[in-house]
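Below: the structure, in structure tokens.
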Amino acid sequence: MPLDSRRNRSTDTDSTTAATTRTLPLHALWRPGVGLALWWAHPDAGPDDLPREIADQLSSRRSRREAAIIGETGHRDFVRTITLGAASTVGFLDLTRPHPVSGEITWYRYLLDGVRRHVGAGAVAPGVAEIGGEPLFRWQAVPTTSWRSWMAVVSTTAPSVVADNGGSEATADLIAELVDHECRGRIAAGGPIDTHDHPAGWLVHALGPDVADLAEKRTRLRSSAGAWMQWNSTAPQDDSMVVLRLHEPDEEPEDAWRPHADADSARWRLEVCRRVSDGRIVPVVPHRLDTHELDRVTSGLATAVRAFPELSQAEPDRHTLDFLLTTPTVERLFAAGASALTDAGCPVLLPRTIAEVRPTLGLRARPVATSTGRAAQIGAAEVGEFEWRLALGDDPAASTLSDADLADLARRQGDLVRVRGVWMRAEGAALTRAAAFVVAQRAQAASDHPADLGELFNLVVDTVPVPVTSIDGLAWLDDIAAGGALRPTPITPPPSLHAELRPYQQRGLDWLAYLSANRIGGVLADDMGLGKTLQVIALLCHEKPDSTAPGTGPTLVVCPMSVVGNWEREIARFAPHLRVVVHHGVARAGGATFAALHADADVVLTTFATATRDRRLLGGHPWRRIVVDEAQHVKNVATKAAKALRALPADHRIALTGTPVENRLEDLRAVIDLVNPGLLGSASRFRARFAEPIERDRDAAAIRRLGALTRPFILRREKTDPSIITDLPEKTDITVRANLTVEQAALYRAVIDELMDALRSKQQRTIRRRNILAALTRLKQVCNHPAHYLGDGSGLLRRDRHRSGKVELLVDILTTAAAEGDRALIFTQFAAFGELLSDWLEPYLGEPIPVLHGGRTRTDRDQMVDRFQGGDGPPAMIATLKAGGTGLNLTAANHVVHVDRWWNPAVEDQATDRAYRIGQQQRVQVHRFLCVGTLEERIDEMISAKRELSRLTVSAGENWLSDLGDDELFDLFRLRDEAVSE
């Protein structure tokens, strides 16, 4: 019967009561492109059988068509229907909610509710759909995992009338209409949208409540449909069906909690949850899930176990699917399991009540006896008077753990611990490790062997398990902990210093004065020529401003004999009020005489050899300070000189060197150990922690650790830094390549043949190293001159022809320099070769050429230097690397010639700095000689490649050659064809 047929109606009350107690006599079916078709459930049904609100909605509708419906029997029946559009369908379904309805209407209401949950979760996006042959902008569901899961449920639960009449295609069409309708409805509820003058206004308007006419953009829309679909399909698939939520262990009664209870006995519940379509996360209750949902949950749990295998060993809960985890398992969950599970599609929700802490250590000086009772600032000598503290954060107000807390934590392990009833997590078991560290340090402090300066400093900057953020009562150590460097207070330049300090020299004075005040040793490692001596003299003037001021005790300066005179002259020039005693020579004072000199002196100058011989005498008197100049001379701690210097008593020690790492990193340790004993540990420990990883493997982490340990106690500035010094002239490095003569080549081959025979001899295997180094020395001598190698007193010429390519080029360079009024400083490794050159050059240069070597007396050396530096000095001076390569000021020379090579670039640079230093007014040319096609050229290539790295790691002199294999040695030593020019 049509809906508009007239029947006698009951009263309003009777009809309403009947409608609420009987199933509405309507059936419904969504037909794509048509709408929702409604028809009566039986022939006698009519409008009077409907609630008034539903009857009113349908009263204006007329049955206009018959629809073919396949019924339960499978037969096709034709029924008269009325049709509702999408908006009317939504209204109809909402009106039916208070009333019992047929199965398909109930299911359609389920679809509407599901769409609304997804729209409310924001899982929608614009798209282009073809409707009636026209491209239209439509709101579409984003195909997330949750959406696809819901669609799968929808397709399997459809009533038979829906499945038999259009099936999944009709269902998908209805859902698409509902999604678009609900989105536009929500936009309409938000009020009008102003799209005036907006470039994308047409797009916003097309997605609003009023469908816009996009006829002009029809072609553009149709062509972009694929792009919109592809964009929507790329939605992130992170809304997993399974979500795991971790809960803390159940609280124990307060009176039952024991401080030392085993944390592993606690059980953490990893609750299995699922994400429903509206985004809510609810616990999984297995008996409430349908077969499809339960299958998806169990599949998700299998994925979780594969991602975090520890779950397979977890204790199960008998009533749920939850996992019961031990504390160590939870630690692994925090560390890596949670991210692995999330990556596998099983997100993990961690409790917010767990405190993430970053424990920090503090160091506090123990109170010493003072009038105020406050903790006093202490220096390096009293570093044993301190105690460690552990705080739960780096904020000054962070809670500090008590002794009971520390004792409890020290017995635990892992990232998760309960402190004072609160679960806390520190990555890498930092909290428990730090507690164990503090307990161990306090035990050591109470023992007979408390930590010394070296141990404490290593702990602060290198080996503590957590950062040290506060140090009270140890100001200098606090500076290092805070910024990695000391922060000296600027001081006023002493008026008694007869010199104007450059800015970097003033900073050096500030640094030295700060170290001295805190009794911390330091290494002043400025480049040669930057005024290290002057900075030390300025420190002495700071401590004794004039001759009437009381002294703090004498300073002992220990240096090579060649620079004693330089120290004496520099002090007389810049600080004439200081009383200087030179303790050197056979007539030096001893006994009571020395005691009187010591009591009256401000500075005592002596040499390494004298300090070694007079170790007992010097060690019997207290020293305010010991200054070791050219400290690389005592890099071997096993020598008598090194032992003697370390045994001398002094309040403060300073080492001066332009090459803190001359050959090996052990040199650095030796120099720092000289001024701060024990700072870098023993030689074996230093070798294992730093030297081997850096020299062998170039370990960047070891380099950083070593820098952190040494940086505060080494001050190094380089002349190449324009911020340090701007008035040094240009320096040019020139490699001078010489060819061998035929005579030299024959001698060279003979040396190599002899070496190879010795290496093949079984009898000489035990002296292999000695043979190699001896051959190296002989090859250098051959490259210099045959007369030098043979030592037979023969002339440098033969039949008026040069026997050495080097000597011939050297004469050309020196005669040209002399003609231009320049002077040259010539360095050689061999004193004998220097004497040969001196005799040979005299007639060419017109006057005797002095040779400075270790056999000269101090008086002779000083006279040579003074004469060369004078205005009428000789045009050249020859010096051996060992005797003249350090400590001298030879700025009269503007040519430096390295006639034979020392295979350590630091030593050569140090020798060059005799001329290239403060006070040099002329452009300096550095000539480095080598013979092409020989050992000299190949080692020069190797050293040049290492020059930048050599400041930190340089192989031990030439000894590294002896470690090469026989074939490698032959390739290194052999003579190339290009070596001989004749």
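The values are calculated or read from the model by the stated rules, or taken from the named source; none is laboratory data. None of the values given here were measured: they were computed from a predicted structure. Glycine gets a Cβ as well: all are built from the backbone with ideal geometry, and neighbour counts include every protein chain shown.
Things to note:
- Wholly enclosed strands (runs of 3 or more DSSP E) of region 513-587 bearing at least 1 residues of a type in the set (S, T, N, Q): 555-559
- Flag for Pro192 being modelled with pLDDT under 85, assigned by TED's automatic domain parsing to the domain that holds Leu36, out of contact with any strand residue (DSSP E or B) (no Cβ under 7 Å at 6 or more places or on another chain) and surrounded by fewer than 15 Cβ atoms within 10 Å (Cβ to Cβ): yes
- Of the set (1) within 24 Å of Thr912 (Cα to Cα); (2) in contact with a Ser or Thr (Cβ under 6 Å, 6 or more places away or on another chain), all apply to Leu534 but (2).
- Some residue of region 748-759 being touching a residue at least 40 places away in the same chain (Cβ under 8 Å), within 19 Å of Trp840 (Cα to Cα) and in contact with a Cys (Cβ under 9 Å, 6 or more places away or on another chain): no
Per-residue answers, yes or no, for (1) within 22 Å of Tyr110 (Cα to Cα); (2) surrounded by 13 or more Cβ atoms within 10 Å (Cβ to Cβ):
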| position | (1), (2) |
| --- | --- |
| Leu38 | yes, yes |
| Asp44 | no, no |
| Gln57 | yes, yes |
| Ala68 | no, no |
| Thr81 | no, yes |
| Leu93 | yes, yes |
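- Any hit, region 606-616, residues being assigned to a strand (DSSP E or B) and not small (Gly, Ala, Ser): yes
Let's see how each residue does on (1) surrounded by 19 or more Cβ atoms within 10 Å (Cβ to Cβ); (2) within 29 Å of Val751 (Cβ to Cβ):
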| position | (1), (2) |
| --- | --- |
| Cys783 | yes, yes |
| Pro786 | yes, yes |
| Tyr789 | yes, yes |
| Asp792 | no, yes |
| Ser804 | yes, yes |
| Glu808 | no, yes |
| Ala819 | no, no |
| Gly854 | no, yes |
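- Filter result (crowded, with 20+ Cβ neighbours inside 10 Å and part of a helix (DSSP H, G or I)) within region 644-665: Ala644, Leu645, Leu665
- Test: residue in region 37-52 that is basic (Lys, Arg) and either under 22 Å from Ile175 (Cβ atoms) or touching a residue at least 60 places away in the same chain (Cβ under 8 Å) (or both): no
- Residues of region 543-571 satisfying the condition of being among the hydrophobic types (A, V, I, L, M, F, W, C) and more than 26 Å from Gln632 (Cα to Cα): Ala549
- When Gly345 is tested against (1) at pLDDT below 85; (2) closer than 17 Å to Asp415 by Cβ, only condition (2) is not met.
- Search result, residues across region 46-62 that are at pLDDT 85 or above and in a loop (DSSP other than H, G, I, E, B): Leu50, Pro51
- Any hit, region 659-667, residues being under 28 Å from Pro503 (Cα atoms) and acidic (Asp, Glu): yes
- The helices (runs of 4 or more DSSP H) falling completely within region 73-177 that include 3 or more residues that are within 30 Å of Ala55 (Cβ to Cβ) map to 86-95, 103-120, 160-163.
- Test for Val926: is it surrounded by 24 or more Cβ atoms within 10 Å (Cβ to Cβ), out of contact with any Gly (no Cβ under 6 Å at 6 or more places or on another chain) and β-branched (Val, Ile, Thr): no
- Number of the condition not met by Leu534 [criteria: (1) modelled with pLDDT of 90 or more; (2) within 23 Å of Gly854 (Cβ to Cβ); (3) surrounded by 18 or more Cβ atoms within 10 Å (Cβ to Cβ)]: (2)
- Members of region 623-661 found to be small (Gly, Ala, Ser), within 18 Å of Glu718 (Cα to Cα) and at pLDDT 90 or above, listed by number: Ala655
- Region 519-571, residues that are of a type in the set (Phe, Trp, Tyr) and under 37 Å from the mean Cα position of the chain (by Cα): none
- Reported count of residues in region 891-910, each being closer than 27 Å to Gly805 by Cβ and more than 37 Å from the chain's Cα centre (by Cα), is 9.
- Condition met for Pro848 (at pLDDT 90 or above, outside any helix (DSSP H, G or I), surrounded by 21 or more Cβ atoms within 10 Å (Cβ to Cβ) and over 51 Å from the mean Cα position of the chain (by Cα)): no
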